[in-house]
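Here's the structure, in structure tokens; my notes come after.
Only the coordinates and a few stated rules stand behind these numbers; no lab work does. Just so you know, these numbers come straight off a predicted model, no measurement behind them. Counting neighbours? That spans all protein chains shown, and the Cβs are built from the backbone with ideal geometry, glycine included.
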Amino acid sequence: RQNFIIAIDGFSSCGKSTVAKSLAKKLHFVFIDSGAMYRAVTLYFLRNDIDLKDVEAVNRALDEIHIDFVPNTDKTQVFLNDEDVSDEIRTMYVSDMVSEVSAIKEVRRAMVAQQQRLGKRRNIVMDGRDIGTTVFPDADLKIFMTASPSVRAERRYAELMAKGETITMEEVVENLAHRDHIDSTREESPLRQAADAFVLDNSDLTQEEQLQIVLEEYKKRK
Ligand code: C5P
């Protein structure tokens, strides 16, 4: 493999995508938000009322789903069957269901295959839950991000408030705990720290400090 792959994993709201984006920008790599793919699938399932236990319905739905990424200067746009769903996939409506949908084997197999295709021949930074363990076990640099639960909840709360969602801190804490639990206990590619991952706890680090630390790790491996 000629291209360089950076995998960033961790629990929800640890700041993975912020680091991934700034790193990709700095290195001129392509940033791929794997969570956005699971969110887009979840939105499709919600809209079409797919029964998550009906394997045939799930497979039929997966055949109908086409996800595209269009990288822009400040944010990546996500398209579900040619419709821009970038904002809708970030609502609580989707967040409340995404971990259930992401635990379905058929969904994971389809997404992992697409993620592996996206990582062919290009230098990428991909963030998610199973990137360093399942999608790219041979990634050149693996980062496992952590942050204290209160820091994570505050970040997510501020993010949702800024978007105008009416939500309480309690609901945010509950959603994070719920997703972490399902994400780390599911059968198919659960969230795990890869043995060879560099652990970055960013509870007390600025974004610039995080970027510098990760760039150091990149230089060691390049
Ligand atoms: O990264 P983000 O929080 O947007 O991901 C939303 C959800 O998608 C996660 O809570 C998880 O259930 C699922 N996910 C996953 N595997 C990934 C990325 C996200 O299961 N690689």
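Structure notes:
- Segment E83-S150, length gained on full extension (0.36 nm per residue, minus Cα span): 20.6 nm
- The loop-placed trypsin sites (Lys or Arg not before Pro) in the range 136-177, going by DSSP, that have at most 12 neighbouring Cβ atoms within 10 Å of their Cβ come out as K163.
- Lys/Arg +1, Asp/Glu -1 at C-beta; the chain dipole; positive extreme among S34, Y93, V199: V199
- Here the chain is assigned +1 on the Cβ of each Lys and Arg and -1 on the Cβ of each Asp and Glu. Its dipole about the Cα centre then comes out at about 1140 debye.
- GNM top mover of E56, E88, E100 - the chain, alpha-carbon springs below 10 Å: E56
- Cleavage-rule hits (trypsin sites (Lys or Arg not before Pro)) in the range 32-93: DSSP loop, at most 10 neighbouring Cβ within 10 angstrom: K53
- Between the range 90-106 and the range 50-84, the alpha-carbon center distance in angstrom: 12 Å
- The modelled label-to-label distance for the pair E208/A57, using points 7 Å beyond Cα in the direction of Cβ, is 5.2 nm.
- Estimated FRET transfer efficiency (R117, M169; beta-carbon r; R0 35 Å; 0.05): 0.35
- Think of it as helices only: each DSSP H run of n ≥ 4 in the chain is worth -39500 (n - 2.57), and spread over all residues that comes to -15500 deg cm²/dmol at 222 nm.
- Loop-located GluC sites (Glu not before Pro) in the range 152-222 (DSSP state not H, G, I, E or B) with no more than 14 neighbouring Cβ atoms inside 10 Å: E187.
- Here the chain carries DSSP beta bridges of which approximately 30% are antiparallel, counting only pairs with both residues inside.
- Compactness index (Cα Rg / 2.2 N^0.38 Å), the chain: 0.97
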